[in-house]
Amino acid sequence: MKEMALSLFRNCLTFDFIGTTPDESGEDAGSIQVPSAWKAVFEDGTFLQTIFDCYREFGSPHSAKVMECLVQVASVRRSLFNEEERSKFIVQMMTGIRDILVVSQGMEDPNNYHEFCRMLARFRSTYQLNEIAEKTNYVEWIELVATFSVKGFSAWQWAPNSTQYLLTFWSKMVSALSHARPASASKLETITIELTRAYASSRIASVQPTLEQAMDDPLDNEDALLESLEMLANVARCKYDDSAACVISIFDPIAVQYRELITRATNGGLDANLKKLMAVTEQKLAWLVYIIGAFIGGRTAYLSSDDLDGLDGELTAKALHLMNVNQVWLSQRGPSGGCEKLESAFLFFFQQFRKSYVGDSSQKSSAVYSKLSEAFGLNDQNMVLSLIVQKIVTNLTIWSQDSSIISKSLRLFNDLANGYSSVKQLRKLDTTQYIMQNHGSKQFPFLEGGDNVASRMTYYSALAKVLFAEDSVEREFYEFMKPFEATFVELATLRSIEAFRQDPVKRILQGIFKDLRGFITPIQSKKNYMAFFDWFYPDRMPVLIHGLQAWGDDRLAITLLKFFAELVHNKSQRLNFEISSPNGILLFRETSKVLTTYGHILLNRPATSISDKYADKYKGISVCFTILTRTLSGRYVNFGVFPLYGDKALDHALEIFFQMMLSIPMGDMMSFPKLTRAFFGLLDVFTNEHMMAMPSMNADVFLYLMRALAEGVKSVDTNICSQACSCIDHLCTFVVQQSEKERPSSHWLLSFLNSSPGILPLLFSTVFNTVLFEDRPIQWSLSRPLLGLMLLNRKFMLEYTQTIINTQLPERREFLHKSLETLMEEVEWTNLSAKNRDRFTQNLAVFRRELNAANVSLIPPAVEYGAGMFGN
């Protein structure tokens, strides 16, 4: 009975009363929006006291269930109370928490403990610091919570997942001090020092047991780690001088021990015992470097001062000293003597330093450089930037077989290249120039590693940003491309498709087209893009075609297709040819050749297993759809030229598109998100201009498209639904415009609609049902096709709306009838002018607001119109 009552209570509290919870698993976000009618219950003093009493009286596991309910009660929206009642509620919550902490009631149970930590975090998230700090028992209360938290940090092995909630509580407590300082702020600042010491010490203490007992290491879960460290930094910077001193006091002895161990290993060799000590010490230092990096990354520019920046300088000097010691050790031993986690910590540290002190918004004369100048002679951000790039180059050389370190190093390099000023500084460095002039695999062996394929794109993307950071780089561009040119010359000597089917050739193709895709992706300007286009086309294009012919049934084809999809992408209008240039037409001919070459190989391939269906078939089709979308929407090809001069390139491209589309069952088309997005993106472009320009269309293709549009409108993905609505609007607009002409049109689209009179009613009912029965945030998108469908289906629309009205409960019919009549107020039934559309959209918005205001939930018809029209 207890279990059922507590479950019912919790479910009532967690019910999504206003329909705003996107994910039921997201329990730790937002407040609980209980109805105002519950106000009296929560204001009743016995309500909260009863819950705390239940917690004290019930044993495990029921006590944990009670604490779960308290988590939700602590999250009840603030607006439920007036100021006086809210104050009373906060006092009751604080009293209940204090009573539990005084005797550690139930804290020996890990579930109770975990939910209690959650409750603390939710309580502070709901109520403001000033509201809590003004209470008479606040000082005692905050001391008890602090003691509890320090013990909790130390008991890391017992409840590792609860630490996050304690950090959340304290991070939110101190974050409010920047704009509101209660009288007791000094007490909170003092507590933060102990919390910082406890957290850092507990992480150090956790290293040896974690390694010896093969436990889950928090350093392996970097996402959760960084979230925790960000909150710790907020806490530590509250009283930064003492917190920094605390971390340094922990750091220094371990760093000394590390140097001693390296000396022993250098002089006497690395035996098993020494190797174990090295591993423990390096992992301890990894924790401390992560913590130092988080402290520096927690800098807020407008709250900073020379004193705080000086502290950052001290901590940075500690990390750099350690890195230098580690670098010497690595140069002797190679990666086998290194620690991946420590290297990851250094890279994280540099990322945080970059965010705070390198780039457009940082001050070149920050006090941080005074400390670094004293220790290393690093006087400004340019010198530190040079040090960072040297570290990246070292990693790319030494850690070439470690994909994780390579990925993080290149991410740092790419981030440095993203800033407007930092990339210009980066370009001037000797180390960067060395990379630019020696970017191939001979100098950087990571490019040969199969595990680093994805990182190659990041590498060349960063290099492209650096190369094009200046305006006149034509000579440098051709110098940069020479290694690629040599590879293409070598590939051009292969005289047959069989020669392309060799495994070494496959690896070369995989690498070079990954590299080139990474290189052209960040290019924005027409000048820079045309430099690459003129270099690649037409001389290097045959290699891509031969690669597709040889490896069309292999996943290498995806790499080739994705490169080509980037090549034809006219982002930022970078692909606008001169009016006298035939390149737009020539490029589309190549597009047609790429699509047909790959498409025919794909469609003739034997069927694959269900589990491999996406990777073997649909992934390639998705990329083909993207290629065609970008080409049709690029506005750099005059497609009217092709039929005028009898060129079949456009016909062939569309034909292979239709064949690939028809080869996909509708269920699959709507089940694979990337495929669905690519397909509807293409349909949106295709139906806007190109579909109506076709001289005819196969009936199977047309019916598939109509069915797809109906399914798209029903999609829960708002982007898919919007694109499907846009496609329907394009069709309706064309049909309405044709019907307005004095001379009747004989267009094939009108013939299809006349021979299949159920299609427009199906599309109307689908869109209309979505408006009526679903609360979509895209009412504007839904209104666009709906008006056109109503104009083309006036008789059916009236019949269908009456059916909808008759389906409702008797007491709601009159209300719905009157509301539906307002849809066409001041809307003409004869045209789709902008004024007419806007008026209808306004009416539809009013209609939806009236339904919501009246809290009316409509009943959909028992049978969906058009069900079975297209078969299974």
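The table below gives the values:
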quantity	calculated
Subset of the range 163-186 (residues that are among the hydroxyl-bearing types (Ser, Thr, Tyr) and within 20 Å of Ala294 (Cα to Cα))	Thr163, Tyr165, Thr168, Ser171, Ser175, Ser178
Of all residues in the range 592-608 being β-branched (Val, Ile, Thr) and within 14 Å of Asp554 (Cα to Cα), the one that is modelled with the lowest pLDDT	Thr608
Restricting the range 121-145 to residues that are among the small types (Gly, Ala, Ser) and surrounded by 18 or more Cβ atoms within 10 Å (Cβ to Cβ), the residue that is nearest to the chain's Cα centre (by Cα)	Ala121
Tally, over the range 66-93, of residues that are buried (at least 20 other Cβ atoms within 10 Å of the Cβ) and charged (D, E, K, R)	1
Unique match (being of a type outside the set (Ser, Thr, Tyr) and more than 23 Å from Ile398 (Cβ to Cβ)) among Gly310, Gly269, Gly293, Gly334	Gly310
Some residue of the range 204-226 being at pLDDT 95 or above, under 27 Å from Lys284 (Cα atoms) and small (Gly, Ala, Ser)	no
Whichever residue in the range 1-52 is among the charged types (D, E, K, R), surrounded by 13 or more Cβ atoms within 10 Å (Cβ to Cβ) and out of contact with any Leu (no Cβ under 8 Å at 6 or more places or on another chain) and, among such residues, is modelled with the lowest pLDDT	Glu27
Per-region count, the range 54-109, residues outside any loop (DSSP other than H, G, I, E, B), under 39 Å from the mean Cα position of the chain (by Cα), of a type in the set (A, V, I, L, M, F, W, C) and within 25 Å of Ala155 (Cβ to Cβ)	9
Residue among Arg589, Arg630 that is closer than 23 Å to Asp539 by Cβ, at pLDDT 95 or above and out of contact with any helix residue (DSSP H, G or I) (no Cβ under 6 Å at 6 or more places or on another chain)	Arg630
Members of the range 305-334 that are among the hydroxyl-bearing types (Ser, Thr, Tyr), at pLDDT below 95 and either part of a helix (DSSP H, G or I) or in contact with a helix residue (DSSP H, G or I) (Cβ under 9 Å, 6 or more places away or on another chain) (or both)	Ser331
Subset tally (residues that are closer than 23 Å to Ala834 by Cα, more than 33 Å from the chain's Cα centre (by Cα) and surrounded by fewer than 22 Cβ atoms within 10 Å (Cβ to Cβ)) for the range 700-734	2
Residue within the range 806-818 that is within 16 Å of Leu789 (Cα to Cα) and polar (S, T, N, Q) present	no
Gly96, sole failed condition from (1) surrounded by 15 or more Cβ atoms within 10 Å (Cβ to Cβ); (2) under 22 Å from Ala183 (Cα atoms)	(2)
Residues located in the range 663-699, provided they are among the aliphatic types (A, V, I, L, M) and over 32 Å from the mean Cα position of the chain (by Cα)	Met691, Met692, Ala693, Met694, Met697, Ala699
Number of the condition not met by Leu378 [criteria: (1) more than 24 Å from Ala417 (Cβ to Cβ); (2) among the hydrophobic types (A, V, I, L, M, F, W, C); (3) assigned to a loop (DSSP other than H, G, I, E, B)]	(1)
Unique residue being of a type outside the set (D, E, K, R) and surrounded by fewer than 19 Cβ atoms within 10 Å (Cβ to Cβ) when the list is Ser400, Ser421	Ser421
Answer residue from the range 585-616, given it is more than 15 Å from Gly547 (Cβ to Cβ) and aromatic (Phe, Trp, Tyr) and is surrounded by the most Cβ atoms within 10 Å (Cβ to Cβ) among those	Phe588
Sole exception among (1) loosely packed, with under 14 Cβ neighbours inside 10 Å; (2) touching a Pro at 6+ places or on another chain (Cβ under 9 Å) for Lys648, by number	(2)
Residue check, Val389 closer than 30 Å to Asp307 by Cα, at pLDDT below 90 and of a type in the set (Val, Ile, Thr)	no
Candidates Leu703, Leu675, Leu709, Leu662, filtered to the one that is more than 22 Å from Asn604 (Cβ to Cβ), among the aliphatic types (A, V, I, L, M) and out of contact with any Leu (no Cβ under 9 Å at 6 or more places or on another chain)	Leu703
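The values are calculated or read from the model by the stated rules, or taken from the named source; none is laboratory data. The structure presented is a predicted model; accordingly, all values stated were derived computationally and were not measured. Note that we place each Cβ from the backbone using ideal geometry, even for glycine, and neighbour counts take in every protein chain shown.
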